[in-house]
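Please treat every number below as a calculation from the coordinates, not as lab data. Predicted model only: the values in this text are computed from it and were never measured. Ideal geometry is used to build each Cβ from the backbone, glycine not excepted, and the neighbour counts take in all protein chains shown.
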Amino acid sequence: MMNKGVAIALSSIGLAQALKIPIHYAKTKEWKPNLFIATGGMPSSHSAGVSSLTTYIGLTRGFQSNDFALSLVYGMIVMYDAQGIRRQTGELTLKVNDLDELIDKINEDDPVEFEEKSPDPLKEMLGHQPKEVLGGALLGMAMGFAGYYLTKKR
């Protein structure tokens with residue numbers, strides 16, 4: 001039998017990934033099922049996974065336990081990384097791709113104007129905007145509470 005905390009965290013990650021599809025559709029009217037396996041976007045599955053596990057641990061082991069403290073600090077690092085370092089890496093990737101395109105145009109003596117692209121978080125971004133991290137964290141907390149109450153022995 002799978003550890004309940006792991007099952008809840010993995011379920012939260014799966015739900016967050018699945019929710020990206022209808023949320024994207026509501027914003028753009030574009031149906032993109034491949035968002036289920038994409039990084040970035042709303043809500044953050046990283047945040048959902050770690051916050052559901054942290055919530056579940058807090059409810060089962062206590063909010064004063066070392067298990068909760070470890071999960072909380074780990075979760076904060078994951079969420080910071082999801083919206084900070086990974087996002088900046090995605091923006092840097094866009095710049096490198098633009099530079100590569102510019103070099104190709106220079107080598108071809110192409111008179112076409114070069115236009116720098118701005119980041120598109122649903123396609124080219126590796127990380128998350130802060131609101132996406134918050135959305136994932138809130139989803140994860142709800143899943144942690146639900147998992148705790150649904151698996152609690154009566």
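Take every pair of alpha-carbon atoms less than 8 Å apart whose residues are at least six positions apart; their mean separation over the length of the range 1-45 yields a relative contact order of 43 percent. Please give the residues of the range 33-54, grouped as numeric ranges, whose backbone N is less than 18 Å from a label point set 7 Å along the Cα-to-Cβ vector of residue 142. Those under the cut-off are 41-54. The value obtained for the range 1-95, namely the Cα convex hull volume divided by the number of residues, is 113 Å³ per residue.
Suppose we take every Cα in the range 21-76 and form the convex hull; what volume per residue is that in Å³?
Numbers: hull volume 5.0 nm³, N = 56.
Given the Cα convex hull of the range 21-76, per-residue volume reads 89 Å³.
Packing-based ranking of 24-36, 59-71 yields 59-71, 24-36, ordered from highest to lowest mean Cβ neighbour count within 10 Å.
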